[in-house]
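Take a look at the structure set out below.
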Amino acid sequence: MKIVRFLFVGMFFGIVLVKSEAVSWYRIIEMFKFQAFHMYGIIGSAVILGVVALWVLKKSRVRNAEGQLIHINPKDRGFVKYLLGGTLFGLGWALGGACPGPMYILLGTGVFSMLIVIASALLGTFVYGILRNKLPH
Amino acid sequence: MEFLLKPWPWYVSGPLITLVMLLLVYWGKTFGMSSNLRTLCSIGGAGKYADFFRFDWKAQRWNLLVVLGAIIGGYISVTFFSDDSSIALSAQTIADLEELGFHKVGNTLLPPEIYSWDAVFSLKGISILVIAGFLVGFGTRYAGGCTSGHAISGLRNLQWPSLIAVIGFFIGGLVMTHFLLPIIFGA
């Protein structure tokens with residue numbers, strides 16, 4: 001089953017995020033207080049390397065596993081949704097220290113109270129889906 | 001082997017996250033963890049209530065496997081790749097948090113003042129977890145992505161929407177850290 005490779009990518013991602021301490025609430029607070037370079041180093045190096053690597057892959061016309069040229073779907077246009085949605089996300093991120101990847105990783109480290117955060121994140125997503133047509137985007 | 005047990009420095013971790021993103025790109029997928037919340041809502045039957053949840057979630061099975069892997073990865077790292085060292089936070093962060101009533105800052109990944117069962121079974125404690133989760137779930141879908149989708153995946157292409165979203169992440173995070181946390185925990 002080729003699909004199992006995604007399980008291994010997830011495991012690798014989980015291990016990297018725990019070992020880098022990027023899943024730690026303390027590290028996130030330290031970042032928002034600008035008191036250490038650690039988180040900026042992780043996110044910054046990941047982004048810069050990603051920009052360079054994708055540019056090289058596109059320039060050299062590398063094809064993906066399905067034989068197609070590498071293509072990144074552009075995000076939808078908009079402003080309010082990105083700024084307002086981003087701000088709400090940031091408030092929750094700094095309060096609970098769990099974004100949508102780390103919440104599962106932290107559950108795996110044995111923090112079972114995280115299930116409450118996951119359940120209420122599902123509720124938040126559900127409520128967004130209900131209100132979607134009434135919100136400014 | 002000893003290197004594996006110690007916390008990994010940023011210049012090791014950052015490039016490894018890029019590797020995860022590139023692997024998914026190579027396999028024709030987009031790295032984004034928050035989509036799974038929408039997928040799970042759909043599987044749970046949310047399509048009965050909103051069009052937003054009526055989509056072919058089976059095409060997202062790969063991403064649910066990433067989630068399952070992430071849970072296992074969390075387990076593996078604390079069980080086999082840990083030397084129980086505390087987090088080397090800046091002295092100022094530790095002092096600031098102690099002033100707000102946090103103890104043993106950095107001994108665990110998450111503060112017991114928020115995540116221990118003692119904390120969870122108080123009105124304040126459960127409210128913090130429920131509100132934090134709700135904001136993350138609602139905000140991430142409203143903004144169309146989270147840290148992985150916008151910061152790591154979106155910025156690599158230097159897209160405006162992702163830059164605006166990341167600015168939003170910071171506005172929210174700064175307001176919470178500097179104005180709201182002192183009110184929530186200082187009182």
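The values are calculated or read from the model by the stated rules, or taken from the named source; none is laboratory data. Please read these numbers as outputs of a predicted model, since none were measured by experiment. Here the Cβ is made from the backbone with ideal geometry for all residues, glycine too, and neighbour counts use every protein chain on show. Keep in mind that these areas ignore ligands, DNA and RNA; they rest on the heavy atoms of the full protein, side chains included. Shrake-Rupley method; radii C 1.70, N 1.55, O 1.52, S 1.80 Å.
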**Prompt:** Cα centroid distance between segment A:87-102 and segment B:148-173, in Å?
**Reply:** 14 Å
**Fill in**
Per the rule of 0.36 nm per residue minus the C-alpha distance, extending A:Ile48 to A:Asn133 adds in nm 27.0 nm
**Fill in**
The ratio Rg/Rh over the Cα atoms of segment A:63-113, Rh being the Kirkwood inverse mean 1/r radius, stands at 1.19
**Request:** Would you please name the trypsin sites (Lys or Arg not before Pro) within segment B:102-145 that are DSSP coil residues with at most 12 other C-beta atoms within 10 Å of their C-beta?
**Result:** B:Lys104
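Below 8 Å between Cα atoms, with a sequence gap of 6+, how large is the relative contact order for chain B in percent?
Details: 113 pairs, mean separation 47.7, N = 187.
Contact order relative to length: 26 percent.
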**Complete:** Projecting the Cα atoms of A:Val9, A:Asn73, A:Met39 onto the charge dipole of segment A:1-128, where Lys and Arg contribute +1 and Asp and Glu -1 at Cβ, the residue farthest towards the positive end is A:Asn73
**Volume per residue that the Cα convex hull of segment B:1-82 spans, once the total is divided by residue count, Å³** = 111 Å³
**Asked** Given N residues in segment B:47-157, what is Rg(Cα) / (2.2 N^0.38 Å)?
**Response** 1.39
**Request:** Measure off, as a whole percent, the carbon and sulfur share of the 1.4 Å-probe accessible area of segment B:1-82, all protein chains present.
**Result:** 64 percent
**Ratio of Rg to Rh over chain A (Cα coordinates, Kirkwood Rh, two decimals)** = 1.00
**Sequence of B:Trp57, A:Trp25 when ordered by accessible area, the most exposed leading, probe 1.4 angstrom** = B:Trp57, A:Trp25
**Complete:** From highest to lowest solvent-accessible area (probe 1.4 Å; ligands, DNA and RNA excluded), B:Ile94, A:Ile28 read B:Ile94, A:Ile28
**Fill in**
For B:Val12, B:Val20, the accessible-area ranking with a 1.4 Å probe, largest leading, is B:Val12, B:Val20
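Using a 1.4 Å probe and counting only protein heavy atoms, how much accessible surface gets buried when A and B come together, both sides summed, in Å² to the nearest 100?
10200 Å²
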**Prompt:** Within segment B:92-187, which chymotrypsin sites (Phe, Trp or Tyr not before Pro) sit in a loop by DSSP and count at most 11 neighbouring Cβ atoms inside 10 Å?
**Reply:** B:Phe121
**Message:** For the protein assembly as shown, place one equal point scatterer on every Cα, skip the solvent, and apply the Debye formula. What is log10 of I(q)/I(0) at q = 0.07, 0.08, 0.15 Å⁻¹?
**Reply:** -0.25, -0.33, -1.28
**Item:** All Cα pairs of segment B:46-87, percent lying beyond 17 Å
**Value:** 57 percent
**Item:** Accessible solvent surface per residue of the protein assembly as shown, calculated while the other protein chains remain in place, 1.4 angstrom probe, Å²
**Value:** 45 Å²
**Computed Rg/Rh of chain B, alpha carbon atoms with Kirkwood Rh** = 0.98
**segment B:166-172 - phi-based ³J(HN,Hα) in whole Hz, Karplus 6.51/-1.76/1.60, Gly and Pro as x** = 5, 4, x, 3, 6, 4, x
**Fill in**
Those helices of chain A passing the 20 Å axial Cα length cut-off and the mean Kyte-Doolittle cut-off of 0.5 (DSSP H runs only) are A:4-19, A:38-59, A:80-96, A:114-131
